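The values are calculated or read from the model by the stated rules, or taken from the named source; none is laboratory data. This structure is a prediction, so every number in the text was calculated from the model and none was measured. So basically every Cβ, Gly included, is an ideal-geometry build from the backbone, and we count neighbours across all protein chains shown.
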Amino acid sequence: MQQLSNDRSFVTAGTVETGILGDMAALNLARLIAVAAETIAAHAEELTALDQAIGDGDHGLNMKRGFEAVRAEADAFAAKPLPDALKAIGTKLVMTVGGASGPLFGTLFMALGKEIATDPDRASLTAAFGKAIEAVAARGKSQVGQKTMLDVLQPVHDALAGGKTAAEIADIADRAADATIPMKALRGRASFLGDRSIGHMDPGARSSCLMVAAVCDVIGG
């Protein structure tokens, strides 16, 4: 599955000193939001097509709407301390994405904001991300292996904990999304299809992969 291009037009030299590989104090959140929103928008039709196969068919439009709403307030979010910004982004996603994805992606950001330090290092980021994944699992009553966004988020967490580079983490997320294709869905609307869900990539896994790629493209650049 194609990831982001090598275009770094949203990255300003010196914006991030060491990104997810170390100190995140210099993170330019407004630019990160812009990249994430543009990435989701660029893949909205793909996400919709994936969701039409095993879901309601609205995942692409819903995610695009949510991230455009976040982007519209990017400067306001970026002016907040990182924990508060993430919680505010999560709340905005819950309010604007809709469907089943809004509460799940909103929970991811809100829980991450609750757990993360203002100036996190890699260890504290990894721990906070792990807690956020647990919150998503609890919210969706799901676990890894059930053909959901968790099947991307957990491998990304493990890669982060294992010291992988940004490029390696993005690749792991991409391959994890692909790995949902042969899975049988056990949660969400896709689970109603039973064996017919096999052979299709999970839309939430793909959108999670895209968000991870956007983050890695910016703060790992």
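For this structure, a couple of remarks:
- Among residues of segment 137-159 that are at positive phi, those with a Cβ under 6 angstrom from a residue that is of a type in the set (Ser, Thr, Tyr) and not in a helix (DSSP H, G or I), sequence gap 6+ or separate chain, pair up as LYS147/THR180.
- Residue ID - modelled with the highest pLDDT, chosen from residues in segment 198-218 that are among the β-branched types (Val, Ile, Thr) and crowded, with 24+ Cβ neighbours inside 10 Å: VAL212
- Subset of segment 52-69 [crowded, with 23+ Cβ neighbours inside 10 Å and touching a Lys or Arg at 6+ places or on another chain (Cβ under 9 Å)]: ILE54, GLY55, HIS59, GLY66
- Test: residue in segment 117-139 that is of a type in the set (Asp, Glu) and at pLDDT 95 or above: yes
- Tallying residues that are surrounded by fewer than 16 Cβ atoms within 10 Å (Cβ to Cβ) and in contact with a Pro (Cβ under 9 Å, 6 or more places away or on another chain) within segment 141-183 yields 2.
- Among the residues of segment 183-207, the ones that are within 14 Å of VAL152 (Cα to Cα) and either part of a loop (DSSP other than H, G, I, E, B) or free of Cβ contacts under 8 Å to residues at least 60 places away in the same chain (or both) come to 4 in all.
- Residue-level check: of (1) buried (at least 19 other Cβ atoms within 10 Å of the Cβ); (2) farther than 18 Å from LEU47 by Cβ; (3) touching a Lys or Arg at 6+ places or on another chain (Cβ under 8 Å), LEU186 misses just (1).
- Screening the candidates LYS92, LYS131 for the property of being assigned to a helix (DSSP H, G or I), under 15 Å from the mean Cα position of the chain (by Cα) and closer than 20 Å to GLY162 by Cα yields one hit, LYS131.
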